[in-house]
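What follows is a set of notes on a single structure, which appears directly below.
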Amino acid sequence: MAIEWSGLSPGLLVRLDRSGSQPLRAQLEVSLREAIRDGRLRGGERLPSSRELARELGVSRGMVQECYGQLLAEGYLTSRTGSATRVADIKKRPAAGPPVTPLPARRPPDRALIADFQVGVPDLSSFPRADWAWAVRQACGEIASADLGYGDPRGSAVLREVLAGYLRRVRAADAGPGQMIISTGFAQGVNLVLRALSRERGVSCVAFEDPGYGSAQSDETVRAAVTMGLRAAYVPVDEEGVVVSALAASGAQAVVVTPAHQSPTGVVLSAARRHALVEWARREDGYVIEDDYDSEFRYDKEPVGALQGLAPDQVFLVGTASKALAPAVRLGWVLAPSPLAGTVAGEKEMSDRGSCTLDQLALATLLTSGRYDRHLRRMRAVYAGRRAALVDAFARHSPSVRLTGLAAGFQAVAPLPASADEAAVIAAARERRVGLYGISAYRGVPDVAASPALVIGFGNVGERAIDPAIAAIADLLS
């Protein structure tokens, strides 16, 4: 039975932090939700009137009314005309089934570090905010009301047409809009392809480069493949890229590769290996999933065309805007072989019915307006400057270390002495306020005989921070 407090407006303890970054209304909503969830406010209890609570907190009555309205809509409160606002009867449900295993936590950026050489992260501060805001306004102004529904699960016809043209122009891909499926980033794109291959072609084993994504314990892409019932095989990488003879011996029917700039070693798949890989796919009726993760950023050599152009019936080209723009955009694409495009689209429809149409139209607008290309040209110059700063810093402070994998992208490999303890070097560097990452995390199968090395990402590290960071750890590297 609910307690009936005396007085026209019962008191309520709510603290608002006016010096914090969270809006006051959001603070009030969170406080009331938590009070109801943890039982501090019980079902049926009366809340203060909006006028009285506003007076006590020193805020506007309208803000309190909006807060009450939101919690009413969410079911935390109840109200009837002429009656006070009351707490709804929220009953805690007993936990069902085994406890949920929490996802591995991503390391947040450490502001106290001199530099954090995290791999795979672009320069987040250089996201083209003004261009993106302009493109979103354009998309909102031009979209027809009928197009605000769920739409085609393959994605916006406009973006698919534009992307197909972009991939033909920039990546020498054999692309048409009918083969394009828009995804929410690379990870979903690969998952859709693997599900389609499993369902339509009976694929039961998929190979990954080693070093590459890592194991199922450390990487969500491999973990997703294993979770859907596929066996993961690991194929070694040498100075020419993935070893196709080892792939043929693995029993895999599909392989995920990074031919333009192997991750993490940075080697480019040689012409001979490209043809051998395509021949393996045709001979074994296998499929290649091409991760085109940072092909836009090349420095020393001419751009390498997509492998997909050599064998469009055997290769899926999977790309994303995460490296060119920012991971927060959450847009990627799959260029699928024509016979399997419909199956991949069906997997996308079952997954989430389609990605955000407005964001897709904004990306299409960036591409057709030339602002996307302009941003890429600017970022190539930014990353080239950081790349040069990294090379200079190593030459100055640790000249015995020969950096590799610098032809493209925004990461490099720094070999360590054979006797070095990779984990100990990383831990010691963090004590000196420098974030480093080892190549062992990218191995699918632990290899105690493998040479220790660091994978150094410089995409999200300011150019001025590179030299002092390398100076601080120079003795650890040699």
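Where a number appears in this text, it was derived from the coordinates with a stated rule and is not lab data. These figures come from a predicted structure and were not determined experimentally. Here Cβ is always computed from backbone atoms with ideal geometry, including for glycine, and neighbour counts include all displayed protein chains.
Overview of results
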read-out: Zone residues, segment 432-470, relative to Asp421, backbone N less than 20 Å from point 7 Å out along Cα-to-Cβ; value: 432-442, 446-455
read-out: Estimated [θ] at 222 nm from DSSP helical runs (n ≥ 4, -39500 (n - 2.57)) normalised by residues in the chain, nearest 500; value: -12500 deg cm²/dmol
read-out: Under the Karplus curve 6.51 cos²θ - 1.76 cosθ + 1.60, θ = phi - 60°, whole-Hz ³J(HN,Hα) for segment 214-221, x wherever Gly or Pro sits; value: x, 8, 5, 6, 10, 9, 6, 5
read-out: Value of relative contact order over segment 24-87, rounded to a whole percent, pairs C-alpha under 8 Å and six or more apart; value: 40 percent
read-out: Derived scalar couplings ³J(HN,Hα) [segment 147-164; Karplus, 6.51 cos²θ - 1.76 cosθ + 1.60; whole Hz; x for Gly, Pro]; value: 8, 8, x, 5, x, 6, x, 5, x, 4, 4, 5, 5, 5, 5, 5, 5, 4
read-out: Neighbour-count order for Cys205, Cys140, fewest beta carbons within 10 angstrom listed first; value: Cys140, Cys205
read-out: Cβ-derived FRET efficiency at R0 35 Å, Thr227 paired with Asp17, nearest 0.05; value: 0.30
read-out: Nearest-0.05 FRET efficiency for Thr404 and Ala172, computed from C-beta distance (R0 25 Å); value: 0.45
read-out: Normalised contact order of the chain, rounded percent, pairs of Cα under 8 Å and 6 or more residues apart; value: 19 percent
read-out: Label-point separation, Arg199 to Ala84 (7 Å along Cα→Cβ), nm; value: 5.4 nm
read-out: Hydrodynamic radius of the chain per Kirkwood, over alpha carbon pairs, in Å; value: 25.6 Å
read-out: Computed lengthening from Ala157 to Phe127, 0.36 nm per intervening residue step minus Cα-Cα distance; value: 8.3 nm
read-out: Least to most buried among His275, His261, His375 (fewest other Cβ within 10 Å first); value: His275, His375, His261
read-out: Burial ordering of Ile426, Ile182, fewest other beta-carbon atoms within 10 Å first; value: Ile426, Ile182
read-out: Trypsin sites (Lys or Arg not before Pro) restricted to segment 315-423 and DSSP loop, no more than 12 other C-beta within 10 Å; value: Arg353, Arg402
read-out: Whole-Å distance, taken between Cα centres, linking segment 146-175 and segment 401-478; value: 38 Å
read-out: Karplus (6.51, -1.76, 1.60) ³J(HN,Hα), θ = phi - 60°, over segment 26-39, in Hz, Gly and Pro reported as x; value: 5, 4, 5, 4, 4, 4, 5, 4, 5, 5, 6, 5, 8, x
read-out: Amide H contacts under 5 Å for Ala233, placed H, 5+ residues apart; value: Val206, Ala207, Phe208
read-out: Amide H partners (placed H, <5 Å) of Glu45, local residues excluded; value: Val87
read-out: Amide proton proximity set for Asp116, modelled H, under 5 Å, gap of 5+; value: Gly435
